[in-house]
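Read the structure below first, then the notes.
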Amino acid sequence: MKEIIARCRERIEARDSEVLAWKALDWDFVDRQIDKLAMRPMEERGPLFGLPVGIKDIFDTADLPTGYGSAIYERHQPSADAAAVARLRAAGAIILGKTVSTEFAYWKAGPTRNPLDLGRTPGGSSSGSAASVADGMVPLAIGSQTAASTIRPASYCGIVGFKPTQGLISLAGVKALSNSLDTVGVFAKDVAGVALLSGVLAGRPSLMAPAEPGSPPRLALRKFPEWEKVASSALDAVNKAAALAARHGAEVTTDAVPSAFAGLAEIQTSIMACEAARELAHEHRCHFDALSQPLRDLLTQGESISAATYDDACLRRDQCVVEIDSLFGDADALLAPSTLGEAPLFEDGTGDPVMSRAWTLLGLPSITLPCGTGENGLPLGLQIAMRPRHDQQLLAIAAWFEQTLATTP
């Protein structure tokens, strides 16, 4: 236990002055956790015993400040842990520290850089969680996703990011942006890591070690309108992965998205704006001048959306969820690029979330795996999604893909 913490500390002290992934670190606090865990009886040690985990700074922690990515809460100290943090502690994990979040998990970036190229963004909003795992500062980290805040940074940083079915992991004690869209996400270097972490957080041992599918999966590329924006290198990477899967026995089909599912990215944006105006009503009323201009614009937009328009958007989403089989057809899983391309330059922002908006809106479990590189040699991602509540099967297919991609030249 002390050895892995020592390695994490050495890496953080060597690199975080450049990567800037951490918002709060307290090594005395870490030492106290180690001492307390060492006294646990063997039968109570839990599946994460002694493993350090990074916590996105929108999750309340009773022992560390929680700033929600905003100067408004710079010295805020919650009195209790978020439910996810409490589950980590119960499972024997060591809370290593708080990782940088964008402002209230929206657009304005924090200081974190992409560890693979310090001139690039790590993506948002779970910037520090993705960057810290990618740089080897911590083996596991938790974040969140409202549009693409797990999938996008994991893809940009070349690691695995998993967003479970919406609601599978408790959001109690997590600063809300959009209550019907927010989802806890997890980061690791491999599928086994995200499976273990998500299984603990969800209280589902079946997720912790998913078996590979008994036969090669049935896969589909459903081309949403936003595919037209994707860089050719990212499209090529996904098409090559699909062709590779077919060579290994998978059935792969390609089609345009059914018309009923077109325009979901715009619906996600409207619902998020309306709900953000509701969730951040206090900050809007009492701290408006301290908010970034993009967040002010979002809240203003959200307040301008009528109840009828919001209800219509929610009904459209609900109808698509009911008709989800028409999107999947005979396929077990859908494939898509995780992002529009490689990580943008830092000064250009945290990247466009459009490639995950529709799937997040529908509550689909999704995962990104490293899948080739772009024109600048930076990572690209393969995004895989399944029907809601098929998280275990998704992790199994992801493990199959991971092995297939790793063993094929």
### Task
Quote the relative contact order of region 259-358 in percent (integer), defining contacts as alpha-carbon pairs under 8 Å separated by 6+ residues.
34
### Query
Do you know the relative contact order of the chain, to the nearest whole percent, from alpha carbon pairs under 8 angstrom that are 6+ apart?
18
### Message
Mean Kyte-Doolittle hydropathy of 1.6 or higher plus an axial Cα length of 18 Å or more: which whole DSSP H helices in the chain meet both?
### Response
none
#### Entry: MRE, 222 nm, helices only [DSSP H, n ≥ 4, -39500 (n - 2.57), over the chain, to nearest 500]
-12000 deg cm²/dmol
### Query
Share of antiparallel DSSP beta bridges in the chain, in percent to the nearest 5?
60
### Message
Against the empirical 2.2 N^0.38 Å scaling, what ratio does the C-alpha Rg of region 2-208 come to?
### Response
0.91
### Query
Do the alpha carbons of any pairs in K108/K175; K36/K175; K56/K175; K108/K223 sit beyond 20 Å of each other, and which pairs?
K36/K175; K108/K223
### S206 versus R7: modelled label distance in nm, points set 7 Å from Cα along the beta carbon direction
3.3
### Task
Note down the nm distance, to one decimal, between modelled labels 7 Å out along Cα→Cβ at R247 and at E375.
2.7
### Query
If you rank F59, F187, F49, F328 by fewest surrounding Cβ atoms within 10 Å, what's the result?
F49, F328, F59, F187
### Karplus-derived HN-Hα couplings along region 216-224 (A = 6.51, B = -1.76, C = 1.60, θ = phi - 60°), whole Hz, x at Gly and Pro
x, x, 9, 10, 9, 9, 9, 7, 5
### Task
List, in order, the whole-Hz ³J(HN,Hα) value for each residue of region 325-332 obtained from phi through the Karplus relation with A = 6.51, B = -1.76, C = 1.60 and θ = phi - 60°; use x for Gly and Pro.
5, 6, 6, 7, x, 8, 7, 7
### Task
Report the relative contact order of region 64-153, percent, no decimals, based on alpha-carbon pairs under 8 angstrom and at least 6 residues apart.
21
### Message
Between region 326-396 and region 216-260, how far is it from one alpha carbon centroid to the other, in angstrom?
### Response
11
### Query
What do the square roots of 5 times the Cα gyration tensor eigenvalues come to for the chain, in whole Å, largest first, as semi-axes of the equivalent ellipsoid?
30, 26, 20
#### Entry: Low-density loop positions, GluC sites (Glu not before Pro), region 42-88 - DSSP coil, at most 15 other Cβ in 10 Å
E74
### Distance (nanometres) between label positions extended 7 Å along Cα→Cβ at D297 and A406
4.2
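Read the figures in this text as sums done on the coordinates, not as results from a lab. These numbers were taken from a predicted model, which means no experiment stands behind them. All Cβ positions, glycine included, derive from the backbone under ideal geometry; neighbour counts span all protein chains shown.
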